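See below for the structure under consideration.
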Amino acid sequence: MKLNKSLAMISALSLMAASLAACSGNNGKGNASPSASAASPSASASASAPSESASPEATDIEPEAGAKLVVWAAQEQKDFLETMGKEFEAKYGIKVEFQKVGSADALNKIVKDGPAGVGADLFMLAHDQLNRAVQAGVVLPNDFYAEDTQANFAKTAVDAVTATDGILYGYPRNIETYLLFYNKNLAKAEDLASWDAIKAFSKAYNVPAEKKFGIMWKLDDSYFNYAFMGGNGGYVFGNNNTDPTDIGLNNEGSVEGLKFMQSMKEVMPFKVADATPDVKTDLFQKGKLAIDMDGIWQLGSFTKEKLGFDVGAVPLPPMPNGKSPKPFAGVQAYFVSQFSQYPNAAKLFAHYVSSQDAAIKMYQMSGVVSARNGLDQDPALKDNELVAAFVEQFKNVEAMPSIAETASFWTAMGAVYPQIWDNNADVKATLDKAVSDMKTLIQQAK
Amino acid sequence: MRQHRITAATLSAVFMGLGQIYNRQYVKGSAFAAFYAFAVYFTIANWHHAIWGITTLGETQQKLVLVGKIYKPVKGDHSIFLMIEGLIMLFIFALFAYLLVMNAIDAYRGGKLRDEGKKLNNIKQTLRYIPDKKFAHLIITIPLVFVFFFSVLPIIFSVMIAFTNYNNTHEPPGKLVDWQGFRAFKDLFSLSQWAHTFFGVFTWTMTWAVLSTFTTFFGGFAVALLVQQKGIRFKSFFRAIYMVPFAIPAFLSLLIMRNLFNAQFGPINSTLLKFGIVGPEWLSDPFWAKATIVIVNLWLGFPLSMLLIIGILTTIPRDLYEASEVDGASAFYKFRKITFPSVMFSLSPILIGQFAGNINNFNVIFLLSGGGPTNSEYQFAGHTDILITWLYSLSITNGRYNFAAVISIFLFIIIALFALFSFRRTRSFREDDLLR
Amino acid sequence: MSGYRFRKNAWLTVSYVLLILIAVFTIYPALWIVLSSFRAGTSLFSETLIPEKWTVIHYKELFEKFQFGRWYMNSLKISLTTMVLSVFFQLLTGYAFSRFRFKSRKSIMSGLFIIGLFPSFLSLTAVYVLLLNMKLLNTHTALIMVSSAGAAVGYLLVKGYFDTIPKSLEEAAIIDGASNWGVFVRILLPLSRPLVVYMAVTSFAGTFSEFIFAQTVLRTEAKQTLAVGLFNMVNTQTSTEFTVFAAGSVLVSIPVVVIFIIFQRLLVEGLTAGADKG
């Protein structure tokens, strides 16, 4: 994730991404989450989130005459957006052009292309980049459809795309998080009932010489490791991730969480740098890795027809102290560019692709489950065991921090995991240093 | 009698082409004058905005205004665009000024010829004269103008950024950027706790540059000699194979290499294990991570050196070897006295260039190890981080472009001083007996 | 005599062994890429070199899911034009510095030399704005222009090379009334075939695999180059296109390898023969 952040920082250097391509994360590929019920207490419940349920808009915004739109999204969304674009054109006479720019690159690109007059009218961003986008002045608020969005989308998602200035900016698409996938031929649900059970299972199952391992995840990534800290009372920034002067990454809970993570080493005999997502995914696909902690974007790949075995999924189970890890969630949303020549048409299209009908079509075409309320009741989704597990996991997630200082978190924490994992360093001391590094970074940025 | 040269030069300095017309070079003079009229018009039209933009970096900040329930954007100034556009204008003005001076000098020379009672070239003669006597100027002008705008200008822009507060909290178009003098320099050097990191990273940067340059050069040299020796068959087959690393895009090879060198799961260690050898922790152990990077870089870089050296080997006149064979020279003697000096003569500047390039070799380190394994004693740097990757994670990751610019400047000074010093001592640079 | 011959044969054998070892060292990662492209599944990582299940689906996907053919043509067009222009610029600059003496020659030489050394991630922004003002964003011209523009910085190699060519060759031609241009085209160029090949191959391969700059300038799918298209396959954080990426890379690498093999003979023949005649 740290690398992921850096990526987002400067597109000119996106070549590094090749190495990071592997990083898991909240970006890029779309697959979705029902999430209706996901109201995480610590999610960035920032300034304004009108709770009165407004009635959906009766009228639509009037698009500009002669408008045409350019939309940026990831390759996986191409079919869906092009289909929607054609419908939209038939209905309103507005042409929509799809261009492949994933949400990880969109911000850097729009910062350059927007003022140059060649940027998209509508683009995808992950919510953790929202405040930077607002600061950089590239996004228009979701004004006309604000009440509609607030009424119809999961609160976690709406809060996440509301900036620290209290204004709603995004048109949420879906929420992403991670949980434990497992190979049903190798492990049973009971083996995943708790982390102690996972340890016991792995001890019996591991054969390092044959590359058989009980459990793996991307060990160098705060995106995943944070779950153990967050679940124990650790936090990144105080006041719902909005107060950069209060850092909770070296408090008792965080230390306890990472100490637990450190204890997993006995059943995970490899170095941080070796457990790359590529290795992990390959071992899982080949039926050697039993349990794979990975994100919702794998739903499309982890199917019986692609893998040849049944895949199950469970939310992250409780740690030995009885608390459950709390994973990060990221919200993918559409944003209208401040440099769009046709802002009304762009808002109209953003609204159009977020409608109930569009949400169902999106699930059918790309497997992404919209963050609209009530979608998890749809029969097609309800019967999907993996989706159900995600619905369950969404009850206990935390939206990633999105204030501008968050970059320092990814940077400073990146150094922690090799220390405590490969070198058995003292968790408390390592985290203390990371926090002081973070403070230095934040200070310098002033 | 001295009047013509003074008059012509003065006239041309006041209005381009007038001096030439005075010298009765009517075609040339009119062409100059027409250009001058355009240049003056262009300068007047753009001067004010360019100067204003580059000094203030914009005054109005972009904002949103609430109209009813709709937010309307109000366009502001884009500091970075203003800076670059101002810079472009200044470069164009500088080009005009340069041409004006050259034009005055030309008029002076023309006048001087008249003073001496000689005839001036007419336009036809001029057009014939240039390719002959001014050939060098003619052929390097276009490349130099390109370099001026596409290389020099961006560098000056980067340097200017160091004197601003351009970072992710002052990011256009949303925010304005301001000049802030040497503040970024001061800030950077007040972080004294970073000295240790700087020293460590700097030492490894230099070690890395030396190792990588020498391994690829001598690796390529050895392979070139091996392939080109008499009696080896399938020369072109071998050469073709050795070119493969060069043909594959480096970012792809590096991705693959990362997998190959995975200590726990990679095929290299799996293969070694079959022979009963427990392979090293290629990318997790500080020493081996460095070694891995050098090895991978050798793989990537030796084909270039090999191709270059084979090219040079073929230029060495055969009779040199034949003569020394008659004298009964050994193979080693021939290598030491003929082959090696010839190669070094042509290649030494390239070697220096490669050395400097390796100091800045971002791709290999970043894509292969990402600077890791982390070093807990360093501030935000790993064991394999070199200055430029450290600079990246330090500043760019955190969006502080002005810090990045400051470090770029220092890195540039170190490299340029070193490179220039050695470059000016190479024979290729000093060789001045080839005057035509 | 037989001792000499034995030693010679022994050395040749050692040479062959070395050559083969180096070939293995060289080809192994490349082979890995090729075999990955035929491997079923999506992951680039694999424990075995030889795929357990072979497939050509990734090659098919290249053309079905992506506009691979279009990208290919774009890349060829850009790389070939850039190659011609930048070799031309480099040769001319090198020629000027090697054979002529003029005012501030050394300053220009040093200046050009160090310009190439400036480490900056920031200069791209300036180039971007330049192109914006020239209305060249999202055009291939922009790529060609920028890649060729910097070429003169690489004059050193040419100059070093021309310096090794004896001047006596040219003097004869000048006495015969050849112009500067004539000397360049008729004497120096034929003598520098290996150099030209080298520069052309470097330039072609460089432009062919360049994606950082191309990515900032080109935005529509139809204008994209191979490298940008391929890179984007693995660019996203959750990429699952590694094997398709490998297949694409194989197709990208092929023309470069082929070009080298075609020009290879020139390398060997060119210079020695030319110099003897001179």
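We did not get these values from a lab; they are worked out from the coordinates using the rules stated. The structure displayed is predicted, hence computed values, not measured ones. No Cβ is skipped: glycine too gets one built from the backbone with ideal geometry, and neighbour counts run over all protein chains shown.
Numbers below:
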quantity	calculated
5 angstrom amide H check on residue B:382, placed H, neighbours 5+ away	B:375
Residue mean of other protein chain beta carbons inside 10 Å, A:104-115	4
Cut-off under 5 Å, modelled amide H: who pairs with residue A:69 long-range	A:95, A:96, A:97
Cβ-Cβ FRET estimate between residue A:426 and residue A:87, R0 fixed at 60 Å, reported to 0.05	0.55
Per-residue Cβ neighbour rank within 10 angstrom, fewest leading, B:223, C:257	C:257, B:223
Distance between the range A:136-181 and the range A:313-388 - C-alpha centres, whole angstrom	11
Other protein chain Cβ atoms within 10 Å, averaged over every residue that makes up C:28-36	5
Convex hull volume per residue for chain C, taking Cα atoms only, in Å³	205
Amide hydrogen neighbours beyond the local backbone of residue A:294, cut-off 5 Å, H modeled	A:179, A:181
Within 10 Å of each Cβ in B:303-315, the average number of Cβ atoms from other chains	5
Calculated from backbone phi, Karplus (6.51, -1.76, 1.60) coupling profile of the range C:215-227 in Hz, x at Gly/Pro	5, 6, 8, 8, 10, 7, 4, 5, 8, 4, 9, 3, 5
Calculated from backbone phi, Karplus (6.51, -1.76, 1.60) coupling profile of the range A:262-274 in Hz, x at Gly/Pro	4, 5, 5, 4, 4, 10, 10, x, 8, 7, 3, 5, 7
Gain upon complete extension [residue C:254, residue C:5; 0.36 nm per residue less C-alpha separation]	85.5 nm
DSSP-defined beta bridges in the protein assembly as shown - what % are antiparallel, rounded to 5	75
Virtual spin-label span in nm between residue A:259 and residue B:134, 7 Å along Cα→Cβ	8.1
The protein assembly as shown - charge dipole about Cα centre, Lys and Arg +1 at Cβ, Asp and Glu -1, debye rounded to 20	5320
Axial C-alpha extent at least 27 Å, average Kyte-Doolittle at least -1.0 - helices from chain B (DSSP)	B:26-56, B:79-115, B:195-228, B:286-313, B:401-425
Gaussian network model of chain A, Cα within-10 Å springs - most flexible of A:126, A:415, A:313	A:415
Straight-distance crosslink candidates among lysines, where the alpha carbon sits under 22 Å from residue A:184 and sequence neighbours closer than 8 are dropped	A:199, A:203, A:211, A:212, A:218, A:280, A:286, A:288, A:304, A:306, A:382
21 Å Cα-Cα reach of residue B:112 towards lysines, excluding residues that sit fewer than 8 places from it in its own chain	B:28, B:124, B:133, B:134, C:103
For the range C:60-110 versus the range A:95-110, the gap between their alpha-carbon centres in whole angstrom	30
Counted charge near residue C:113, where neighbours are those whose Cβ lies closer than 12 Å (Asp, Glu -1; Lys, Arg +1)	+3
Acute angle (nearest 10 degrees) that the helix A:78-92 long axis makes with the longest principal axis of chain A, alpha-carbon atoms	20
Summed side-chain charge close to residue B:228 - residues other than residue B:228 whose Cβ falls under 10 Å, Lys, Arg +1, Asp, Glu -1	+3
Residues C:81, C:48, A:281, sorted so that the one with the fewest Cβ neighbours within 10 Å comes first	C:48, C:81, A:281
Spatially proximal lysines relative to residue B:337 (Cα-Cα < 26 Å; intrachain offsets below 8 disregarded)	B:230, B:235, C:8, C:159, C:167, C:277
Calculated from backbone phi, Karplus (6.51, -1.76, 1.60) coupling profile of the range B:164-181 in Hz, x at Gly/Pro	10, 9, 5, 8, 6, 9, 10, 10, x, x, x, 10, 8, 9, 10, 6, 9, x
Under 20 Å from the residue C:49 label point (7 Å along Cα→beta-carbon), backbone N, the range C:5-40	C:16-40
Residue B:35 versus residue C:189: modelled label distance in nm, points set 7 Å from Cα along the beta carbon direction	2.7
Positive minus negative residues near residue A:67 (Lys, Arg vs Asp, Glu; Cβ under 15 Å)	-2
Point-charge dipole on Cβ atoms (K/R +1, D/E -1) for chain A, about Cα centre, debye to 20	1080
Residue A:184-residue B:180 pseudo-label distance in nm [points 7 Å out on the Cα-to-Cβ vector]	5.8
Most mobile of C:166, C:51, C:255 in a GNM of chain C (Cα contacts under 10 Å)	C:166
Gain on full stretching of the segment that runs from residue B:92 to residue B:44 - 0.36 nm per residue minus C-alpha separation	16.0 nm
Alpha-carbon radius of gyration plus Dmax, which is the widest Cα pair, for chain A in Å	21.3, 68
Ascending count of other beta-carbon atoms within 10 Å, so fewest first, for B:241, C:27	C:27, B:241
